[in-house]
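The values are calculated or read from the model by the stated rules, or taken from the named source; none is laboratory data. Note that this is a predicted model, so its numbers are computed, not measured. Counting neighbours? That spans all protein chains shown, and the Cβs are built from the backbone with ideal geometry, glycine included. For the accessible areas, the whole protein counts, side chains as well, though only heavy atoms, and no ligand, DNA or RNA atoms are used. Shrake-Rupley method; radii C 1.70, N 1.55, O 1.52, S 1.80 Å.
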Amino acid sequence: VTSNEIIRQLIKHSVFASINQVVEYEKASLVAQDLGFEPSQAEITAPTGTRSTMSASEAMATRDDKNMVITPPVVTIMGHVDHGKTSLLDVIRKTKVAAGEAGGITQHIGAYQVEVNDKKITFLDTPGHEAFTAMRARGAQVAHVAIIVVAADDGVMPQTREAIDHARAAKMPIIIALNKIDRPNANPDRVKQQLVENDVLIEEYGGDIICVPISAKKGEGIDELLDYILLVAELQDLKANPNLPATGVIIEAKLEKSSGPSATVLVQQGTLKMGDNIVVGPISGKVRAMFNDRGKRVQKAPPSTPVSIMGLPEVPQAGDHLEVLEDEKTARQQAQKELEQRRGETNNLGQVSLDTLYTQMQEGTVKELNVVLKSDVQGSAEAIKGSLSKLGEENLKVRLIREGIGNVSETDVHLAAASGAIVIAFNVKPDGAALREAQKEGVDIRYYNIIYKLIDDIQAALTGMLEPQY
Ligand code: GDP
């Protein structure tokens, strides 16, 4: 079976993968079945509850090369709300980053690096497992170690369990940070007991999971925690080859008012350099400026380094893969290919408009409303997504096929055209090329600046109650 065929099938399951990407077993087995094969899982070596997908560290280690060097671990912090994830990220940043460097104020770029005993550690700066899961859902494996924060006065809570499950699913080693030990009602022993009841076998109970008591507020136990991260990382033997052209993952992206699209790349293999021709999903460009987490201009970024880059014509999506190609033309071609692949099999779909949606649904030519959502800020996007997901009856579903921040671009319209989707522009406009393309392809772009109006319209369209627009 050709790779194109597999990629097309994956799109049907909402996975927009590139050819080099690791795909979860569940999705892979569905695709195998679609293609007429009978899948079976080859090996399960990990503890129960984990999947047999390659973890980020395994992905690193499989690239055999003499030039491999040890790379910093990438750490994600997860846990229940209010247990102290943000406080922990802040205290590590404050104590470790400001120390060495004069005026070393960190910029929020989605990740930062600290140095402990001459070794670097990269922290993903978005606490919580939602961001992490969203990236994993897109096939991106970014972190090597998961810190699960549990408040000693509150114990294991639903999101603690979720976080543990996510870490295990990604085959990441876990370190428990038992936070808020300064609180008078802290009860570390009870929490440890709960952890064990949840199959988190900590050392004290004969397991191998490290549990470090800390107080993010008072800065206690932080050095120990960092030492343990390095220890756990060492056991993983994380290596990468800095001499290769870079590959990486977008961990955050936004539209800057003054300078245009910017994206934070976490380099995974190779070294990203100024002037590199890059392709990120369906977008190609060139690295025209690169900044580290201190806001300092840098010329290159080795593996496990987060850098904010400029030079992409559009805002990419978090979780998209970045690749460096030898020249501009190849990068453009690859982006074009990616775009066509994302259009995939959906090509035979007719165009959909909100006005005719109900009729099309009745006729059975449309079964769900595909939506490309562009909005001005992440906050609105989240709110709209939340409301949209609640809409629709059993057989009338709304499916978000792309979402992003910034104006509606030609790429958005292409994807909408290819997937029979409408475009929702919330507080944003289409650019010239996008508008021309939308007219040519008959893509319905709907403009809103009030969320409830948007939701009302979609709801009305789904039930055949929408007043036509002229
Ligand atoms: P998040 O929702 O997990 O990111 O939690 P936050 O970091 O926002 O912390 C929630 C609350 O707990 C805040 O009011 C913090 O000041 C407080 N907090 C966090 N860590 C500690 C700690 O070690 N000790 C105490 N006493 N309070 C803490």
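Among the strands (runs of 3 or more DSSP E) confined to segment 373-459, the ones with at least 2 residues that are under 21 Å from the mean Cα position of the chain (by Cα) are located at 397-405. Taking segment 374-390 as the range and being closer than 20 Å to residue 126 by Cβ and open to solvent by less than 30 Å² (accessible area, probe 1.4 Å) as the test, the residues that pass are 375, 380, 381, 384, 386. Taking the criterion of being buried (at least 17 other Cβ atoms within 10 Å of the Cβ) and among the polar types (S, T, N, Q), the residues of segment 237-247 that qualify are 241, 247.
If you go through segment 248-277 and keep only what is part of a strand (DSSP E or B), farther than 22 Å from residue 404 by Cβ and open to solvent by 30 Å² or more (accessible area, probe 1.4 Å), you end up with 268, 273. Screening 160, 122 for residues that are among the β-branched types (Val, Ile, Thr) and more than 16 Å from the ligand (Cβ to nearest atom) leaves exactly one candidate, 122. All conditions in (1) more than 26 Å from residue 421 (Cβ to Cβ); (2) touching a residue at least 60 places away in the same chain (Cβ under 8 Å) hold for residue 320, with the sole exception of (1).
One residue alone among 214, 283 is more than 30 Å from residue 182 (Cβ to Cβ) and open to solvent by less than 20 Å² (accessible area, probe 1.4 Å), and that residue is 283. Scanning segment 171-185 for residues that are at pLDDT below 95 and aliphatic (A, V, I, L, M) yields a count of 1.
Check segment 185-205 and report whether any residue there is open to solvent by less than 80 Å² (accessible area, probe 1.4 Å), more than 16 Å from the ligand (Cβ to nearest atom) and out of contact with any helix residue (DSSP H, G or I) (no Cβ under 9 Å at 6 or more places or on another chain). Looking through segment 185-205, none of the residues is open to solvent by less than 80 Å² (accessible area, probe 1.4 Å), more than 16 Å from the ligand (Cβ to nearest atom) and out of contact with any helix residue (DSSP H, G or I) (no Cβ under 9 Å at 6 or more places or on another chain).
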